[in-house]
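One structure is given below, encoded as structure tokens.
The values are calculated or read from the model by the stated rules, or taken from the named source; none is laboratory data. Bear in mind that the values here come from a model prediction, so they are computed numbers and not experimental data. Neighbour counts are summed over all protein chains in view; Cβ atoms, including those assigned to glycine, are modelled from backbone coordinates with ideal geometry. Please note that ligands, DNA and RNA were not included when accessible areas were found on the heavy atoms of the full protein model with its side chains. Shrake-Rupley method; radii C 1.70, N 1.55, O 1.52, S 1.80 Å.
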Amino acid sequence: MGDIVEDEATFYSNAEDYWRDIPPTVDGMLGGYGGISSIDINGSKAFLQKFIGEGEGKTGTSCALDCGAGIGRITKRLLLPLFKTVDLVDVTQEFLDKAKVYLGEESKRVGNYYCSGLQDFLPETGRYDVIWIQWVIGHLTDSHLVDFLQRCQKALRPNGIVVIKDNVSYEGVVPDEVDSSICRDLEIVRNLVGKAGLRIVHEEQQMNFPKEIYQVHTLALR
Ligand SMILES: C[S@@+](CC[C@H](N)C(=O)[O-])C[C@H]1O[C@@H](n2cnc3c(N)ncnc32)[C@H](O)[C@@H]1O
């Protein structure tokens, strides 16, 4: 990428402006594809179940971080049911405000709502069993993504994992002028993960999504 994002400051501020105008709903989070939320969550649940549980080498269930959490769609249906405490981080304050209502009674188990761009966010060292990063890496430049993944690795508890679940392009980097993001192909994502010094421990494609949208892949890293 690098050159595709010509002006970094504008790349970030345009994205912030875009999200500030989006309604704080599941449909808003998914660009009008609210209908795929259940398929997405069920796929993610099956993916996570491979790692978490009791016993040697298993990922714990004390604390998770939802990155680019929006209104907490993933926190509500995937993370709060599995983890004792969940923290949310998102650049859009209005979404975090909505999350407090949307998460209902269970919001009492949210530890922190951080309003920050991931490019500026420093997750607490050794706090998280799972760091979930879904549908937001396209809002980070390559070098910010690499740096953020490195900070995430330091924020893991023993046997913890970082999960990236995101759109992948067929080939190369595809810019989206509307929300000021980019979509990378899988090889590029794998490469950036490697640059950050993380190892891919498992990888899957999300099945049963509409044909017309990007393929979505899930990668577990540590
Ligand atoms: C496509 S939505 C996905 C929300 C959530 N991950 C989900 O799957 O329901 C993208 C989210 O990323 C947030 N976002 C955009 N740029 C960001 C950045 N640089 N740092 C943190 N969050 C960002 C937006 O505010 C929005 O909530």
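Could you report segment 8-221's accessible area per residue, 1.4 Å probe, as an integer in Å²? Mind dumping the intermediate values first?
Values: 9600 Å² over 214 residues.
On a per-residue basis, 45 Å².
Considering amide H positions built from the backbone, and no H for Pro or chain starts, which residues 5 or more places from Thr59, or on another chain, come under 5 Å of its amide H?
Ile52, Gly53
Assign unit charges at the C-beta atoms only (+1 for Lys and Arg, -1 for Asp and Glu), then state the dipole size of segment 8-221 relative to its Cα centre in Debye, rounded to the nearest 20.
On the way: 22 positive and 30 negative charges, 201 e Å.
Rounded to the nearest 20 debye, it is 960 debye.
May I ask you to derive the relative contact order of the chain, considering only C-alpha pairs under 8 Å and at least 6 residues apart, and to give it as an integer percent?
Numbers: 397 pairs, mean separation 41.5, N = 222.
Computed value for the chain: 19 percent relative contact order.
Give me the Kirkwood hydrodynamic radius of segment 66-171 in Å, from all C-alpha pairs, to one decimal place? Could you put the intermediate results ahead of the total?
Details: mean 1/r = 0.0715 Å⁻¹.
About 14.0 Å for segment 66-171.
Run the numbers on segment 105-222 and let me know its relative contact order in percent, using alpha-carbon pairs under 8 Å that are six or more apart. Show your work: numbers first, answer last.
Details: 184 pairs, mean separation 30.2, N = 118.
Here the relative contact order equals 26 percent.
Can you list the HN-Hα couplings for segment 212-222, worked out from phi with the Karplus curve (6.51, -1.76, 1.60; θ = phi - 60°), rounded to whole Hz and with x for Gly and Pro?
7, 9, 4, 5, 10, 10, 10, 10, 9, 10, 8
How large is the Rg to Rh ratio of the chain when both quantities use alpha carbon positions and Rh follows Kirkwood? Can you show the working numbers first?
Numbers: Rg = 16.1 Å, Rh = 17.4 Å.
My calculation puts Rg/Rh at 0.93.
Take the Cα gyration tensor of segment 1-105, multiply each eigenvalue by 5, square-root it, and list the three semi-axes largest first, rounded to whole angstrom. Numbers along the way, then the final one.
Numbers: eigenvalues 156, 64, 39 Å².
Computed over segment 1-105, the values are 28, 18, 14 Å.
List the equivalent ellipsoid semi-axes of segment 1-41 in whole Å, largest first, each obtained as the square root of 5λ for an eigenvalue λ of the Cα gyration tensor.
Listed largest to smallest, the semi-axes of segment 1-41 are 27, 14, 6 Å.
Using 7 Å Cα-to-Cβ label points, what is the Gln205/Lys84 separation (nm, one decimal)?
It works out to 4.0 nm between the two label points.
Could you rank the peptides 130-140, 156-166, 190-200 by their average count of other C-beta atoms within 10 Å per residue, with the highest value first? Before the final figure, lay out each step's value.
Details: 130-140: 24.3, 156-166: 20.5, 190-200: 15.6.
Those peptides, ordered most packed to least, come out 130-140, 156-166, 190-200.
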